[in-house]
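Where a number appears in this text, it was derived from the coordinates with a stated rule and is not lab data. Please read all numbers here as calculations on a predicted model, not as lab measurements. Heads up, the Cβs are rebuilt from the backbone with ideal geometry, glycines too, and the neighbour counts pull from every protein chain shown.
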Amino acid sequence: MSNQSVSVNMNIEGKNMVIAYVLWWFLGSFGIHRFYLGRTGTGITQLVLLIIGALTSFILIGYLFLGILGIWWVLDAFFVHKIVKEHNNSVGIKNSTISISKSGEFHNNSLHQLEKLHSLYEKGVINKEQYEKKKAEFL
């Protein structure tokens, strides 16, 4: 009986790193990247800091809130990567390879063996019946 193997690569993605960073860059002051990453509490906090800072900036206290938000935004440049990895690991998402074997080990050089078999047949070392039988075993 022939040995066959099938190798399937499955790439299941959770939260996308690129999307998270694009949201952080363009909408980070609104905390949108935090909502995307499932951190709604800190997303709401960032949104509230922005609103309070904007509404109270005319009395100068608002700049304190906006400054805190700005520092948080810069720090999130480093945290986004970690948060995405943590989220994907927590739901068990990672790149994986599944190998399924039928009747034993996999012969990686099946094509080479078929070429060798064909060469033997052409040289007359084996007859057509032997050639077809062996060929069927490989396929």
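The calculated FRET efficiency for the pair ALA54 and ALA77, based on their C-beta separation and a Förster distance of 25 Å, comes to about 0.70. Shown is the FRET efficiency for ASN16 and ILE68, computed with R0 = 41 Å from the Cβ-Cβ distance and rounded to the nearest 0.05: 0.90.
Once the Cα-Cα distance is subtracted from the 0.36 nm per residue extended length, the SER110 to LYS135 segment shows a gain of 8.0 nm.
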